[in-house]
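The values are calculated or read from the model by the stated rules, or taken from the named source; none is laboratory data. Note that the coordinates shown come from a computational prediction; the quantities given were computed from them, not determined experimentally. Using ideal geometry, Cβ is built from the backbone for each residue, glycine included, and neighbour counts are taken over all protein chains shown.
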Amino acid sequence: MNSNISNSTLKKYAKMASEVFMEDPVYKSVCKNKWLRKKLIYHGVLIRLYDSAKKDIFYFDRQGRGMLVLKDVKRQYQISELMKCPNAMALIFLAPYVVKLFGILGQFNNRSVLGEDVYTISPVFVGKEYQRQGVAASLVKRAVADMKEKGLKVGLDTQNPVNKEIYERIGFTLVKQEFLEKEQIDNYYMLFE
């Protein structure tokens, strides 16, 4: 759907994500070392965006302040996709963390909780200097309106209680909450109705 997105654009947003997601509960659980965590986030998000560029729907803020990706809930990530990214070799160095990350992410089951005709927000982020200016909310509202027009729903999962509250203000409803005991992480499944 987005095959015309350049690798340099994907790298720009992966770099932005590596700053924004440093305090994300999942990434903090995977890697305590901040330098390694930042590398893991950058390369992990880059691979995610590289895979998404061919299959998912992207929304960009016109000023380049943030982005949102919608993924069909039926589409599952395959570890084989890692090797298709131009920066995949960097993940060899980070392999233990990647395995741990996939182990945590594999516990989230959006499809069974949210239903079939749903696109999930995966990911959405805004550069740190542009946060709290309505950029992410604007991207989410655009995506929700587009999907609603097509008769589809938008859902998400978040592990951050602050993000849960923000999504509730935008119009999302909590569908299910679960607690990952080993990682000590809450996961919130939400749906825009």
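Restricting attention to the range 16-29, does a residue exist that is under 22 Å from residue 185 (Cα atoms), in contact (Cβ under 8 Å) with a residue 24 or more places away in the chain and among the charged types (D, E, K, R)? Yes, the conditions are met somewhere in the range 16-29. Out of the residues in the range 94-122 meeting the condition of being polar (S, T, N, Q) and either buried (at least 19 other Cβ atoms within 10 Å of the Cβ) or outside any helix (DSSP H, G or I) (or both), tell me which one is modelled with the highest pLDDT. The extreme case among them is 120.
Scanning the range 4-36 for residues that are hydroxyl-bearing (Ser, Thr, Tyr) and not in a helix (DSSP H, G or I) gives a single hit, 6.
Listed by first and then second residue, the pairs linking a residue in the range 182-193 that is in contact (Cβ under 8 Å) with a residue 24 or more places away in the chain and crowded, with 21+ Cβ neighbours inside 10 Å to a residue that is of a type in the set (Ser, Thr, Tyr) and not in a strand (DSSP E or B), with Cβ atoms under 6 Å apart and 6 or more places separating them unless they lie on different chains, are 190/167.
Quick one: in the range 124-169, which of the residues that are assigned to a helix (DSSP H, G or I) and among the small types (Gly, Ala, Ser) is nearest to the chain's Cα centre (by Cα)? Result: 136. When residue 64 is tested against (1) assigned to a helix (DSSP H, G or I); (2) modelled with pLDDT of 90 or more; (3) of a type outside the set (Ser, Thr, Tyr), exactly one condition is not met: (1). Between 90, 95, 145, 136, the distinction of being among the hydrophobic types (A, V, I, L, M, F, W, C) and in contact with a His (Cβ under 7 Å, 6 or more places away or on another chain) belongs to 90 only. Which one of 158, 173 is closer than 20 Å to residue 14 by Cβ and of a type in the set (S, T, N, Q)? Exactly one residue qualifies, and that residue is 158.
Inside the range 1-41, residues that are of a type in the set (A, V, I, L, M) and either surrounded by fewer than 16 Cβ atoms within 10 Å (Cβ to Cβ) or within 18 Å of residue 96 (Cα to Cα) (or both) make up a count of 7.
Residues are listed down the side, and each one gets a yes or a no for (1) surrounded by 17 or more Cβ atoms within 10 Å (Cβ to Cβ); (2) modelled with pLDDT of 95 or more; (3) of a type in the set (Ser, Thr, Tyr):
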| residue | (1), (2), (3) |
| --- | --- |
| 124 | yes, no, no |
| 132 | no, no, no |
| 145 | no, yes, no |
| 150 | no, no, no |
| 162 | no, no, no |
| 166 | no, no, no |
| 172 | yes, yes, no |
| 177 | no, yes, no |
